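Inspection log for the structure reproduced underneath, given as structure tokens.
The values are calculated or read from the model by the stated rules, or taken from the named source; none is laboratory data. Predicted model only: the values in this text are computed from it and were never measured. Cβ sites come from the backbone with ideal geometry, for glycine too, and all protein chains shown count toward neighbours. These area figures cover heavy atoms from the full protein model, side chains too; ligands, DNA and RNA do not enter into them. Shrake-Rupley method; radii C 1.70, N 1.55, O 1.52, S 1.80 Å.
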Amino acid sequence: MKSKGLLTASFLLLVLTGFLWWSNKKAAKADKEPVESTTTKLVSIPEDQFREIEIKHLAGETVHMQRNDSKWQITVPKSLPADADAVSSMLSTLSSLGSDRTVEDKATSLDQYGLTQPSVELDIIDKNKKTSRLLIGDNTPAGTAVYAAIAGDPRVFALSSYKKSSLDKSTNDLRDKRLLTFDSDKVSSIELTAKKQTVGFGRSKDQWQIVKPKPFRADHSQVEDLLRALRDTKMDLGASEDEKKAAGAFSSGTPLATARVTDVSGTQELQVRKNKDDCYAKSSTVAGIYKILGGTGTALDKGLDDFRNKKLFDFSFADPDKIEFHDGSKSYFLTRSGSDWWSNGAKMDSGTVPALIDKIRDLSASKFPESGFAAPIIDLTVTSDGGKRTEKVLISKNGDNFIAKRQDEPALYGLTVSAVADLQKSVADLKSAPTPRKK
């Protein structure tokens, strides 16, 4: 009996101990669980109503930005223009910043959350001069969020880590990294010195023309790529070199290219030099010398022939209206009516004429000879754009090669033997459409 009573007492003690352990664990868990899981707005300010933002880093710099009209300017640690896209992205997050959950409704101590001395503090002033202070503290145990609070509010919130990343910005994150600040839509001319030659481009409306060293037709896409590369030339602020080292690398580097871009505000210049595998740039617009991404150097290291229009005809993918072809004693006259092609009163086969047009459209220079054009053996005229554009090309033979020339233009275009042979074959393949069978 004694033994049985002892067993019963031991069992009851074990149950009681387990209950107490479970009860304490549940209480501790309840302390750590959020009071609510609903999202709470921490900041609610329309993007256009922000006027000043100061980002204070506990272990780093303080960045102060101020809005002047529609532009943001960094004023601390030094006066710098701000990157409009970077600031807009940050304001997009900040304007409607919401918490993931509430951690504690009435926090008695902020120290346990890292909010007494927050790792990041954002002081915000809106257009009504109302100031809000967002405090960002330690990571939560799971590591997917951080603790956050609004100064003057007793609550502590959990904020997603990616939202912190959108707000925790340095001067280098927010400064305008462009080395040229021209307006692409208002650029009237570009001058590029590279590969020991200077090439000048002029724009009339939306069309680019090479104006230096001689007037030549320009490849529109190549010039636009150049303009884009200049516009996108930015400081590589992730580089380890300081300003002094960058200046030294630029000074001892090999000149790669110098570009001058003119828009309505004036002319801006960019000098690019290469030192080993890196490129460094100096701008007339931004003080200092900076390492830039290597892709910019590649985009600028081009010569005249890279920008010349290699196509013999400009009608592009539009359907011509008329085609006139003379090759020795053979002559062909083609006229389009609607979607049908006609020659000497006969309707032409619907497959052979488009094949010829493709060969004409694809005629491109393989090189640009300075001389060698002789008596033409092929005379090709294409009328397009409702009769508004007429293009005439003459092709002559020079040894084993062919040289073409557009009417009223001094430039010569070298053509491959295969290109001319394919053109002649397409002409020889022309045939009339089959005669409809009588019913």
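The figures follow:
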read-out	value
C-alpha center-to-center spacing [region 269-323, region 187-229] in angstrom	9 Å
For region 362-439, the spread of Cα positions along each principal axis, largest first, Å	61, 32, 20
Dipole magnitude (debye, nearest 20) for region 215-309, charges at Cβ of Lys, Arg, Asp, Glu	180 debye
Solvent-accessible area per residue for the chain (1.4 angstrom probe, square angstrom)	57 Å²
Span per principal axis, largest first, for the Cα atoms of region 36-175 (Å)	40, 29, 23
For the chain, with +1 on Lys and Arg beta carbons and -1 on Asp and Glu, the positive-most of ALA411, MET90, ALA257 along the dipole	ALA411
For the chain: relative contact order, % (alpha-carbon pairs under 8 angstrom, 6 or more apart)	9 percent
Heavy atoms of GLU269 accessible to a 1.4 Å probe, total area in Å² rounded to 10	50 Å²
Within the chain, helix-based [θ] at 222 nm, where runs of 4 or more DSSP H residues each add -39,500 (n - 2.57), nearest 500	-7500 deg cm²/dmol
Rg(Cα)/(2.2 N^0.38 Å) for the chain, N = residue count	1.63
Links that overshoot a 31 Å alpha carbon limit, given the list LYS212/LYS388; LYS163/LYS276; LYS78/LYS282	LYS163/LYS276
Where LEU237, LEU192 fall by accessible area, highest first, once all protein chains stay in place (1.4 Å)	LEU237, LEU192
Heavy-atom SASA rank of ILE150, ILE53 (probe 1.4 Å, accessible area, largest first)	ILE150, ILE53
Principal semi-axes in Å for region 231-344 [√(5λ), Cα gyration tensor, largest first]	52, 15, 12
Value in Å of the Kirkwood radius, where region 255-408 supplies the Cα pairs that are averaged	19.6 Å
Reciprocal of mean inverse Cα separation for region 323-364 (Kirkwood radius, Å)	11.1 Å
Globularity index of region 221-266, i.e. its alpha-carbon radius of gyration over 2.2 N^0.38 Å	1.48
Pairwise Cα inverse-distance average, inverted: Kirkwood Rh of region 41-87 (Å)	11.6 Å
Rg in Å to one decimal, and Dmax rounded to a whole Å, for region 342-402 via C-alpha atoms	14.7, 42
Value of relative contact order over region 96-194, rounded to a whole percent, pairs C-alpha under 8 Å and six or more apart	25 percent
Within the accessible area of region 253-406 (1.4 Å probe), percent carbon and sulfur	47 percent
Rounded Å value of the spacing that divides the Cα centres of region 244-262 and region 160-183	25 Å
Gyration tensor over alpha-carbon atoms, region 172-285, equivalent ellipsoid semi-axes in Å	27, 17, 11
Solvent exposure, largest accessible area first (probe 1.4 Å, DNA, RNA and ligands not counted), of ILE377, ILE125	ILE377, ILE125
Paired Rg and Dmax values of region 108-214, which use every Cα atom, in angstrom	25.4, 79
